[in-house]
Every structure is written in structure tokens, then in C-alpha cells.
Amino acid sequence: MDREYTYLNCLAELGVGGAHPGGFKLTQEILSAEHIGKKTTVLDAGCGTGQTAAYIAQQYGCQVTGLDHHQLMVEKARKRIRSLGLPIQIVHGNTEALPFADSQFDLVLSESVIVFTDMPKTVQEFRRVLKPGGCLIAIEMVLEQPVSPQKLAHIKDFYGVSRILTEEQWVQLFQEAGFPSIHSEKYDLQFGVQNVPDFSLSEDVDVKYFEMLEHHMIMFESTKEILGFRVFRCKTV
Ligand SMILES: C[S@@+](CC[C@H](N)C(=O)[O-])C[C@H]1O[C@@H](n2cnc3c(N)ncnc32)[C@H](O)[C@@H]1O
């Protein structure tokens, strides 16, 4: 079997839930500040193994759709949803060309996803599928300070991303997609480090993926001054 040892394949093979800065604890905190009722329509874009999608459906009893590009993530998310008996649709799709009509969702949640995509396309798609008055909540890594080209290349190479944006560049991206109101909030990197791990391992996981996870921990420690994250709350009106 051909294997590509990418960060996203690593997350998928190990079935890491809450694979975003701040983890599940941050997700719960952010959502508790939203007005989510039974009629709220939510898209968890880049849902990974479906931890957040499942939580929203259980906690708020609203209509949740999860979407991910990675076939293995989709399988693991569907397995989770089935085992919990939740009425969530998990769609195999691309955030850069969402298979949804315009103005369909009240809330789009995107937890560490945009950076892995064609960013302008994805953000424009999020804007398109949101209802007037709807909101995008995005958790994304942020370049906190200038860094040597070598170090930046190493970080980008590890995550498999083409760019790492500063907070100002993120805000500009959301503005250019037509979000008139953008609020950015900084959290401490330590937020959520004590999250309970959530794994759903594939059978016979290649040991290389465990090594990659370890490499990630080392990189996380060594880039603390350089890489942070923000929660961006972008309103359509
Ligand atoms: C870092 S993981 C985060 C997963 C999940 N949001 C979480 O917090 O656990 C990034 C996710 O984005 C998905 N992804 C990356 N590019 C995508 C795209 N173009 N369309 C849909 N999903 C994408 C990956 O497959 C992966 O599941």
C-alpha cells in the first residue's frame, strides 16, 4: 500500500479527535457563548472524526452536518455518529467547493481547517453557505512573530500548508470574502492541553505515524513563541 506520511494522514490514521488548538475544551467554551437552539443549522466544516459534530447534536439537539475531504476521516466520523445514534449527516466533500446551496447554515464551524485548503476559496464558500445574520467561527494557527525562512519552511512542510498567516492577514482574508464584522480572540497556547485524548486508531497503524505525532509534540514546544492561534468570529451582517 502506498502511504503518504502527511500530517493530515497521521491525524486520520490515528483518528485524533479535537485536532485543533485548544481542543474539545475550547470548542465547548466557544459554543456555550453562541445562541444555538433546536432550529439552528450548523456545518462542521473539516469535521475530522466528528467529535465536535457529535457534541453539538447531543448538547443542543439542532441540525448538524459534518463535512470532510479525507475519506478515512469521513469513515471514522460516520462510525462515531452511528455508534451514538445521532441524526447527523457526514458528507464527503471539499470546503473549496461546498456541495450545499447558498444561505443554508446559521453557523459554520471550522476548527483548524482553512489553513490546509485554498484559503480564499474556502472562506468565500463559507460566506456563501451562511444565511444572512449567520456566523463563521474559525480556529486557526497564527504567525505571532517574524521567523527565519528556514524555520518557516520547516513548519509549513510539516503541516503540509502553503502559508501561515498573521492575525492581520487572517482578518484581511475574511474581509475580502465579504464578512463585514470580524472579531478575533487570542487564547493561551496552554488552553486545553489537559483535554482528554480522543483516538480511533486504524488497524495496523504504521509506526511512522506515532513518530510523526511525537515530532508534532516536539515542534509544538519549540515553536511556542512563533505559532499561536486565534478564534475568529465572522458575521455576515
Ligand atoms: C487539523 S484537522 C481538524 C479536524 C477537526 N476539525 C478537529 O478539530 O478535530 C483538519 C481537517 O480538515 C480536513 N480538510 C483539509 N482540507 C480540506 C478540504 N479542502 N475540504 C474538507 N476538509 C478538509 C482534513 O481532512 C482534516 O480532517
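Which one is modelled with the lowest pLDDT among residues in region 123-157 that are open to solvent by less than 20 Å² (accessible area, probe 1.4 Å) and part of a helix (DSSP H, G or I)? Among residues in region 123-157 that are open to solvent by less than 20 Å² (accessible area, probe 1.4 Å) and part of a helix (DSSP H, G or I), the one modelled with the lowest pLDDT is ILE155.
Among (1) under 23 Å from ARG230 (Cβ atoms); (2) open to solvent by less than 10 Å² (accessible area, probe 1.4 Å), where does THR49 come up short? That leaves (1) as the condition not met.
Can you tell which of LEU98, LEU43 is in contact (Cβ under 8 Å) with a residue 40 or more places away in the chain and in contact with a Phe, Trp or Tyr (Cβ under 6 Å, 6 or more places away or on another chain)?
Numbers: LEU98 fails: in contact with a Phe, Trp or Tyr (Cβ under 6 Å, 6 or more places away or on another chain).
LEU43 is the lone residue from the list that is in contact (Cβ under 8 Å) with a residue 40 or more places away in the chain and in contact with a Phe, Trp or Tyr (Cβ under 6 Å, 6 or more places away or on another chain).
Can you confirm whether region 1-9 contains a residue that is open to solvent by less than 20 Å² (accessible area, probe 1.4 Å) and at pLDDT 95 or above? Step through it out loud before you land on a result.
Narrowing region 1-9 to residues open to solvent by less than 20 Å² (accessible area, probe 1.4 Å): none.
There is no residue in region 1-9 that is open to solvent by less than 20 Å² (accessible area, probe 1.4 Å) and at pLDDT 95 or above.
Condition check: in contact with a Pro (Cβ under 9 Å, 6 or more places away or on another chain), touching a residue at least 12 places away in the same chain (Cβ under 8 Å) and either surrounded by 22 or more Cβ atoms within 10 Å (Cβ to Cβ) or of a type in the set (A, V, I, L, M, F, W, C) (or both). Does LEU67 satisfy that? Against the criterion (in contact with a Pro (Cβ under 9 Å, 6 or more places away or on another chain), touching a residue at least 12 places away in the same chain (Cβ under 8 Å) and either surrounded by 22 or more Cβ atoms within 10 Å (Cβ to Cβ) or of a type in the set (A, V, I, L, M, F, W, C) (or both)), LEU67 qualifies.
Does at least one position in region 211-227 carry a residue that is among the polar types (S, T, N, Q) and free of Cβ contacts under 8 Å to residues at least 24 places away in the same chain?
Within region 211-227, the first condition is being among the polar types (S, T, N, Q), and the residues that meet it are 222-223.
Those left that are additionally free of Cβ contacts under 8 Å to residues at least 24 places away in the same chain: 222.
Yes, some residue in region 211-227 is among the polar types (S, T, N, Q) and free of Cβ contacts under 8 Å to residues at least 24 places away in the same chain.
The single condition from (1) aromatic (Phe, Trp, Tyr); (2) open to solvent by 40 Å² or more (accessible area, probe 1.4 Å); (3) touching a helix residue (DSSP H, G or I) at 6+ places or on another chain (Cβ under 8 Å) that PHE174 fails is (2).
Going by the structure shown, is SER162 at pLDDT 95 or above, assigned to a loop (DSSP other than H, G, I, E, B) and within 13 Å of the ligand (Cβ to nearest atom)? Walk me through how you get there before you give the answer.
Details: at pLDDT 95 or above: yes; assigned to a loop (DSSP other than H, G, I, E, B): yes; within 13 Å of the ligand (Cβ to nearest atom): yes.
Answer is yes for this residue.
The requirement of being more than 19 Å from GLY48 (Cα to Cα), part of a helix (DSSP H, G or I) and out of contact with any strand residue (DSSP E or B) (no Cβ under 6 Å at 6 or more places or on another chain) is satisfied by MET219.
Taken over region 177-194, residues that are in contact with a helix residue (DSSP H, G or I) (Cβ under 9 Å, 6 or more places away or on another chain), part of a loop (DSSP other than H, G, I, E, B) and under 11 Å from CYS234 (Cα atoms) amount to 3. From the list ASP102, ASP44, ASP118, the one residue that fits, being buried (at least 16 other Cβ atoms within 10 Å of the Cβ), acidic (Asp, Glu) and under 20 Å from ARG233 (Cα atoms), is ASP44.
Identify, from the list GLN71, GLN104, GLN28, the residue that is polar (S, T, N, Q) and more than 18 Å from the chain's Cα centre (by Cα). Break it down into steps so the answer makes sense when it comes.
Details: GLN71 fails: more than 18 Å from the chain's Cα centre (by Cα); GLN28 fails: more than 18 Å from the chain's Cα centre (by Cα).
It is GLN104.
So which strands (runs of 3 or more DSSP E) stay within region 1-101 end to end and still have 3 or more residues that are near the ligand (Cβ under 10 Å from one of its atoms)? Reasoning before the result, please.
Working: elements: 41-45, 63-68, 89-92.
Strands (runs of 3 or more DSSP E) meeting the threshold: 63-68.
The values are calculated or read from the model by the stated rules, or taken from the named source; none is laboratory data. For clarity, every value in this text was computed on a predicted model and none was experimentally measured. Here the Cβ is made from the backbone with ideal geometry for all residues, glycine too, and neighbour counts use every protein chain on show. Side chains included, ligands, DNA and RNA excluded: accessible areas come from the protein's heavy atoms. Shrake-Rupley method; radii C 1.70, N 1.55, O 1.52, S 1.80 Å.
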